Amino acid sequence: MDEKFLKPYDPTATEGRIYAAWEKSGLFNPDECVKQGATPADAPTYSIVLPPPNVTGRLHMGHALMLAVEDSFVRYKRMRGFRTLWLPGTDHAAIATQSVVEKQVKKEEGKSRHDLGREELLKRIEAFAAQSHDTIVNQLKTMGASLDWSREAFTLDEKRSRAVRTVFKRMYDAGLIYRGMRIVNWDPKGQTTISDDEIVYEERAAKLYTFRYSKDFPIPVATTRPETKVGDVGVAVHPDDARYKEFVGKEYDAVFCDVPIHIKVVADKEVDPAFGTGAVGLTPAHSKIDWEIADRHELSHESVVINEYAKMTVSGRLNGKKTAEARGIVVDWLKSEGLFEKEEDTVQSVATAERTGGVIEPLPKLQWWVEVDKEVPGRGKTLKELMLEPVRSGAIKIIPEHIEKTYYHWIENLRDWCISRQIWYGHRIPVWYRGEEIAVGEAPTGDGWAQDEDTLDTWFSSGLWTFSTLGWPEDTEDFHTYHPTDLLETGPDIIFFWVARMILMTEFTLGTIPFKTVYIHGLVRDAQGRKMSKSLGNNMDPLDVKARFGADAARMALIVGNTPGTDMRISEDKIKGYSRFANKLWNIARFVLEHSDTPMIRDMQELERYGISQLVKEVTDDIENYRAYLAAEKVYHYIWHTFADKILEESKKDETIQSDLYSILLVCLKLLHPFMPFVTEEIWQSMPAKDARFLMVSRWPQPE
RNA sequence: GCACCCUUAGCUCAGUUGGUAGAGCAACCCCUUUACACGGGGAAGGUCGGGGGUUCGAGUCCCUCAGGGUGCACCA
């Protein structure tokens, strides 16, 4: 018996060494598994692409959970003899990364991005991303992730960029990408447009003011944003509202807070007669709904009164004032003019930018959009329908199932997707202009072409991830072998951002699904059930956990009792419990090896009396049905309370049992390996008789 | 407003197609027994949120109420 067993199990002394040995073996690469005879060349494939962590990030518990779950499935499938590919990569995370670097530059040099210029800022960002990349990659490895690093991808590298340009052009040619002047969600803090999904609504107390535009204006109007009223072009009332019927169609002139305005009264069914005064002041340039109502009544969109810095752009006393300040000025003016009727307290949900926290200012802007309600040529269906169909038909299965309903609900409410961003880091829009001419896809030759200044929403490139990582649009063997992928495992917060976009992009581009199963894990919360966040200071650092208890213990704690789609709580006690379990297994191995001078490998029938075949059957069945949380617990329970507490104890009295212990241990190591890869592999390395050099590629016990 | 989820032992949660409840942790008692005190043995603990229904039988299916949470939409 190896002397190492005389001391308690020490994960910190073991895990790094084991991971290095795995990496050196090359067995994370399915081609290498075939070459070394660990996997049959004609074996079926199993593939997962890693949801790419942001290059700016540090490993957090969410990552650790993702890795624990995915690695469990991957290791299980590999042991079952599949040609198993788990493909790693990182995400450039455009807005997030640029804003980190911008802040840094501002702090250290006092310069803005415009002081640096596009080229210089990009240089800084790329340097930062490269260094940050190495950090996160090394952290992924510490959790034991059996990712094939030889295939690593980056959302912004040349191969992925080519995929982006290719898909953009195809969508443009299909008439699904268009450039249009529309109201966008403008983030004055981040100085960019964002999509509807990047908005977070915050409940805030606000005032609802009731006023008239002028003394002779017949209808009182209620608003929470009086400062925007200098941009009003109309007032909308409900067609059936008897109070205002006589004024519909009439037009009025007024000078509102120094600004001349022209108001037409229109009737529109969108207006709720019970809210406020039942009359809406229409500000088409600064409200999505008003824009739409204005469209229906042929009112102008042109009256822009707020700029990108959320400052007023009208002449008179409001000029150059911030919107919040302007609000007070307008209210004072209304009061002094006798136009003010009343103010009431109300609660407003204010749209803020998820990344920067800036209050969204709706502005009309020329942007690029993906049209979701238009028929896709040759498919006879809209993009929306293409997103719904594979989930409805069961071609894509979402776990837990009820999330499918949420998915449908979201798609039904989906509007055109704004894909252009006014930041510099990211995939530049592959469109070039020269006078009236336009070129799309690849850079045109000839003089005088200027590329669009904007970049693409980062989710545009993420949407291609399952196939861009496999080399598409090149005709690669990997693409043919591993696509569609088998499993997409991710968190509930990016189902719409990412999962839905992947389905959209893959259905459009390839006419197929990106993955067969979507497994949604819950969010990791602290012991009190609170979200882990920087501001609360309750973040648990996986690297710290690993240093104290080992990656195996952290992984096990994240898997056991963690049902898909349900948030989980993690506590130090739970992790500590599994670090003790690792030590328990260590001592079981010690005992077994001490009592197995000439180990005999028994087949499953010979071990029938120990209930092990039943365990294998249940564990296999649980993993196959995405119940890893049960499988891991059953293995734990068997090892500790059946194998150690009963069988080992019996064997001290009954010598006939002793010669079976070795075989039981072998099976237990295999069943536990997907969940606790390090300690099981470390013990395996000291097993004198076994079916593979590495437990990682040994055969999974046969369930029958 | 629309939709979805949750409510089971002190705490955190399982309970896969309906067959009279399980785990981990904590708490309690005992044991330093030669694999392990990062251990072992034992006992305790639940009218499965309330009410109603379907069924021979419901934590599990249906209805309803209450509390908690999430997503989406709206917010003049």
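The values are calculated or read from the model by the stated rules, or taken from the named source; none is laboratory data. As the structure is a computational prediction, the values presented were derived from the model and not from experiment. Glycine gets a Cβ as well: all are built from the backbone with ideal geometry, and neighbour counts include every protein chain shown. In case anyone asks, the SASA skips ligands and DNA or RNA and just uses the protein heavy atoms, side chains included. Shrake-Rupley method; radii C 1.70, N 1.55, O 1.52, S 1.80 Å.
Only one residue in A:317, A:296 is open to solvent by 60 Å² or more (accessible area, probe 1.4 Å), within 21 Å of residue A:212 (Cα to Cα) and charged (D, E, K, R). Which one? When all the criteria are applied, what remains is A:317. Just to be sure before I move on: is residue A:682 within 11 Å of RNA strand B (Cβ to nearest atom) and either open to solvent by 10 Å² or more (accessible area, probe 1.4 Å) or assigned to a helix (DSSP H, G or I) (or both) in the structure I sent? Spelling it out, it is not the case that residue A:682 is within 11 Å of RNA strand B (Cβ to nearest atom) and either open to solvent by 10 Å² or more (accessible area, probe 1.4 Å) or assigned to a helix (DSSP H, G or I) (or both). The set of residues from the range A:1-25 being open to solvent by 20 Å² or more (accessible area, probe 1.4 Å), away from RNA strand B (no atom under 16 Å from the Cβ) and of a type outside the set (D, E, K, R) comprises A:16, A:20, A:21. Specify the residue that is surrounded by the most Cβ atoms within 10 Å (Cβ to Cβ); the eligible residues are those in the range A:490-510 that are modelled with pLDDT of 95 or more and more than 11 Å from residue A:387 (Cα to Cα). Among residues in the range A:490-510 that are modelled with pLDDT of 95 or more and more than 11 Å from residue A:387 (Cα to Cα), the one surrounded by the most Cβ atoms within 10 Å (Cβ to Cβ) is A:509.
Being of a type in the set (Lys, Arg), open to solvent by 10 Å² or more (accessible area, probe 1.4 Å) and in contact with a Ser or Thr (Cβ under 7 Å, 6 or more places away or on another chain) is a property that residue A:670 has. Residue pairs whose Cβ atoms lie under 6 Å apart, separated by 6 or more positions or on different chains, with the first residue in the range A:480-497 and within 16 Å of RNA strand B (Cβ to nearest atom) and the second in a strand (DSSP E or B), are A:492/A:520. Counting only strands (runs of 3 or more DSSP E) wholly contained in the range A:352-462, the ones carrying 1 or more residues that are in contact (Cβ under 8 Å) with a residue 12 or more places away in the chain and closer than 30 Å to residue A:187 by Cβ occupy A:361-370, A:431-434, A:437-440.
Could you tell me whether any residue of the range A:207-215 is more than 30 Å from residue A:419 (Cβ to Cβ), surrounded by fewer than 16 Cβ atoms within 10 Å (Cβ to Cβ), more than 8 Å from RNA strand B (Cβ to nearest atom) and under 34 Å from the mean Cα position of the chain (by Cα)? The answer is no, given that none of the residues of the range A:207-215 is more than 30 Å from residue A:419 (Cβ to Cβ), surrounded by fewer than 16 Cβ atoms within 10 Å (Cβ to Cβ), more than 8 Å from RNA strand B (Cβ to nearest atom) and under 34 Å from the mean Cα position of the chain (by Cα).
Number of residues in the range A:400-439 that are in contact with a strand residue (DSSP E or B) (Cβ under 7 Å, 6 or more places away or on another chain), aliphatic (A, V, I, L, M) and either on the phi > 0 side of the Ramachandran plot or open to solvent by 20 Å² or more (accessible area, probe 1.4 Å) (or both): the value is 1. Residue count for the range A:55-80, restricted to those that are open to solvent by 10 Å² or more (accessible area, probe 1.4 Å), touching a Ser or Thr at 6+ places or on another chain (Cβ under 8 Å) and modelled with pLDDT of 90 or more: 2.
For every residue, the table says whether it meets (1) part of a helix (DSSP H, G or I); (2) in contact with a helix residue (DSSP H, G or I) (Cβ under 6 Å, 6 or more places away or on another chain).
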| position | (1), (2) |
| --- | --- |
| A:159 | yes, no |
| A:163 | yes, yes |
| A:169 | yes, no |
| A:181 | no, no |
| A:210 | no, no |
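Of the numbered criteria (1) surrounded by 14 or more Cβ atoms within 10 Å (Cβ to Cβ); (2) closer than 21 Å to residue A:681 by Cβ, the one residue A:601 fails is (1).
Residue count for the range A:511-533 under the criterion of being within 26 Å of residue A:167 (Cα to Cα) and open to solvent by 20 Å² or more (accessible area, probe 1.4 Å): the result is 4.
Per this entry, residue A:540 is counted among residues that are touching a residue at least 24 places away in the same chain (Cβ under 8 Å), more than 8 Å from RNA strand B (Cβ to nearest atom), surrounded by 14 or more Cβ atoms within 10 Å (Cβ to Cβ) and not in a helix (DSSP H, G or I). As for the range A:585-599, it holds at least one residue that is more than 6 Å from RNA strand B (Cβ to nearest atom) and without any contact (Cβ under 8 Å) to a residue 12 or more places away in the chain.
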